[in-house]
Every structure is written in structure tokens, then in C-alpha cells.
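Novice: The structure follows.
Since every read-out is calculated from the coordinates, none of them should be taken as a lab result. Remember, predicted model here, so these are calculated numbers, not experimental data. Because the Cβ atoms are built from the backbone with ideal geometry, glycine has one as well, and the counts that use them run over all protein chains shown.
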């Protein structure tokens, strides 16, 4: 099909995800056609380094023949089996067993995405308390500025105001506490003098709402949308969260959709925290994007309840055979190649190189862990005054980078996220940093000319 025809279709037929349609109509769609390893090619044959794993997704890199072959073999055998009504297929069973071997869990429910896996976690938590004789425990706790998805339950537990505004009123029973965001502390304090007040804010909220009404709390160990944010003493922070959950019979849920499968330099981010949650939410890196899949994995305490009670929930394509086959092979690659170790090693190098970005006047903070890093832009370094959203600073950096051969997804107004595939090497990181410097320089020059 001719490129101009694709342009016309994109301008008229395909509603974009988190993008301005009029911008696509004006400038044309950016069409990615091919990928191999850490590289992408667009429809015109231009090559880019994928510095974002498309969207924190392609952990093992593009074009892995092992995964493609596993999917093909499964498709030749049978293309679809439902998990409704007691039916199973081999790949879902094998994948469930594999997940239970790499996480401290005893059972798994499969869905199609991270958002659906969050919805599943919410429903599991509520039904768990209901059948245990505590129907009044229905409230779900999230954190302000958090992102857990865009379906209604996931959106309600998320705390990003801009994502919520159009869709209010949201689902009742979702409440929020403040974040461990040291760069912009919500309590205007500094660590360690603050004594991790952000962790104690959880218990304050629970006690104010009434502990007998709280079903679960959902947190990302490393907050992605806020820009690779985590507590300065991550073990003490989560020790306190875990302690409150144990004290008041609250289910602790870790959202590892972005964090999991090696992204933070550990196989899973919970390993940084020193605690074990009751439930894990998985997605993205579970298949590295070769097919859609989400998963919600739970401990024995929760598993035992659902051996006696039917979980009143199901998804037509949850645990799809092709997706399950892709996930099994993907996880084997991460394990066998120890990609989490490369994420840790290359993450240290990436962090050192990214700190060089602090030489720019508009770069306020650089933070991250493993291959999960972010740059936050500011108008003024001393006051940390944000750059006005109407300038679209991150979008401008993204456009400049694309000109310079680096792909980064536009996922924020004033933050650039850097999360390349876990197979990346130093030379490729150096290329990203070189182009990032050139791009930020051009955007800074434009911004200063305006102000």
C-alpha cells in the first residue's frame, strides 16, 4: 500500500492512543515497519535505536526467532482455546507453572494487558474479603501521580489528574495517599530528616478511612509515569507498608507491569523492597510485546479461598494459546541469558551517562534504576518551577531525537523516559546519550528564545 494512503487512513480512520489527531493529520503518521534487536526501521527505511523498548515492553529485543517459532508452532497446533468453564490448554498450564516457579506465588489468572490484570487484582481482592465474611472491606488504595492503566478500575486507582478529568465521576471506593517523590516532596521535607513521612501517610489514610473498610493497596515499586520514582530507603518504606497491611488485613499488591521481567536490574522489582506482596500484577515484558498478555499472580492465602469459591470473572482471550507460548519462550530467554544482570550492569552505565544531562539548564533531575530511567525538565533549577505544559518539552525532545536516529515514546509532557531493551550495550547507550544531548540542546535553545 502506498505511503500516502497510510497517511490518509491515519488522518481519518484510526483514533490514536494518547496523541493529538490533528497533529497526525498535519504532519503525517510515524509508521514503524520493522525491528531487529535494539533497532527499528520506519516505512521510509530510516533506522533508529529503540531507547524505550517501544513502551517499556520489548525487554528481550525485536525479532527473536525463538519466540516467533514458538508462536508459529502453537498456531499450527490450535489457534484458540478458552479458559472458561474448566477448560484449559497446555501452554496456559505450562506458563502458570513457570510463573509460580519464578515468583513467590501459588496461582495465576491470565488476562490480555496490564490494565486488565489490575482490574483482576481489584476483583480478586474484593471477592476475597467478601467470602471471608468482610464485605465492608471494599476500598482500594492507590498513590497520587501513579499510573496503573486506563480501564475504569485501573484509572480509578491511578492518581494522574490529567488522565482522570474527562471520565469523572470514577468508580467509588478508590482512595489515595502521597508519593515518595523526593525531588518534589509533597510534604516539603528532605530525606532523611523526613523519616519517610511518605510511608507513614499510608497508615494515616487507612486510619482516617477506617481499617475495616480497606481491601487492598496497589503500588508500583518503581513509579514509571512519575519518572522512575522510588523511595530513598526502599526497604524501610515497604517494610512500613507491609506492616500496616499485616496489621489491618489489607492485601498488598505490587504492580510489576513495567517493573517486571528484568527492567529494574532484578528479575522482579519486589526483590529491591525486602518484602513479599500478596499479589503481583504482570504485563508488558511478560511477552516482550510479541503478543498481548497480562497476569495476576497470588499467594497461597488468596489461592486457598478460590479453591472453595468460584472467581466470578473471565476474559475471552485471557491466557490465549499464542500469547502463552510467546511468554514461555520470552521468560526462558530472560532467565537463560540473565538479562536482568545486563540491565543492572548497563543500567549503572546508562545512569552515569545520563547524569551528564544535568549540565543543561532545563534538566532538573535525572533518576532511575536498572534500565528504567527518566529526565525531568524544569524552567528553573533552583525553584524547580515546571516548564509550562503548552510548550510540550518532552514531545519536542522526542521529535529531535527521531531526527537523530533515536526512538522514544511520547508518554509525558515534561519528562523523557529512557528504557531500552535489556540486550543493549555500551556503544548503543553512548549513541543514545550523544543524540539526547544534541536534541535537548536544540529544545533548550528554542525554549529560551521564547521566554
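Novice: Could you work out the pair-distance distribution P(r) of segment 1-147 from its alpha-carbon pairs, with 5 angstrom bin width and percents rounded to whole numbers?
Specialist: In order of increasing distance, the bins hold 2, 6, 9, 11, 15, 15, 14, 12, 9, 5, 2, 1, 0 percent.
Novice: How do 400-413, 189-202 rank on mean C-beta neighbours within 10 Å, highest first? Mind showing how you got there, number by number?
Specialist: Values: 400-413: 19.7, 189-202: 16.0.
Ranking, from highest mean packing down: 400-413, 189-202.
Novice: Taking the Cα-to-Cβ direction at residue 132 and at residue 383 and moving 7 Å from each Cα, how far apart do the two end points lie in nm?
Specialist: So the label points at residue 132 and residue 383 sit 5.0 nm apart.
Novice: Please report, in whole Å, how far the alpha carbons of segment 375-425 spread along each principal axis, starting with the longest.
Specialist: 38, 20, 17
Novice: Give the value in nm², to one decimal: projected area of the alpha carbon convex hull of the chain, averaged over all directions. Each step should come with its number before you reach the end.
Specialist: Working: hull surface 87.8 nm².
Averaged projected area of the chain's Cα convex hull equals 22.0 nm².
Novice: Would you mind calculating the gained length between residue 445 and residue 12 on full extension (0.36 nm times residue separation, minus the Cα-Cα distance), in nm to one decimal?
Specialist: That pair, residue 445 and residue 12, stretches by 152.4 nm at full extension.
Novice: Here is a follow-up. What number does segment 282-426 give for Rg over Rh if you use C-alpha atoms and the Kirkwood radius?
Specialist: 1.09
Novice: Let me ask you something else. So in the chain, what percent of DSSP beta bridges are antiparallel if you round to the nearest 5?
Specialist: Counting DSSP beta bridges with both partners in the chain, the antiparallel share is about 65 percent.
Novice: Rounded, prolate or oblate: which one fits segment 7-75, using the alpha carbon gyration tensor with axes a ≥ b ≥ c (rounded when a/c is under 1.5, else prolate when a/b beats b/c, else oblate)?
Specialist: On the way: a/c = 2.27, a/b = 1.83, b/c = 1.24.
Prolate is the answer for segment 7-75, as a/c is 1.5 or above and a/b outweighs b/c.
Novice: Per residue and in cubic angstrom, what volume does the convex hull of the Cα atoms of segment 203-360 have?
Specialist: 161 Å³
Novice: Can you compute the FRET efficiency between residue 47 and residue 425 using 1/(1 + (r/R0)^6), with r the Cβ-Cβ distance and R0 = 22 Å? Round to the nearest 0.05.
Specialist: Rounded to the nearest 0.05, the efficiency is 0.85.
Novice: Hey, what number do you get for the chain at 222 nm if only DSSP H runs of n ≥ 4 count, each worth -39500 (n - 2.57), divided across all residues, to the nearest 500?
Specialist: Rounded to the nearest 500, the figure is -12500 deg cm²/dmol.
Novice: Here is a follow-up. Sorted by mean Cβ packing within 10 Å, highest first, what order do the peptides 48-61, 97-110 take? Walk me through the numbers on the way to the answer.
Specialist: Working: 48-61: 24.3, 97-110: 17.9.
So the order, starting with the most tightly packed, is 48-61, 97-110.
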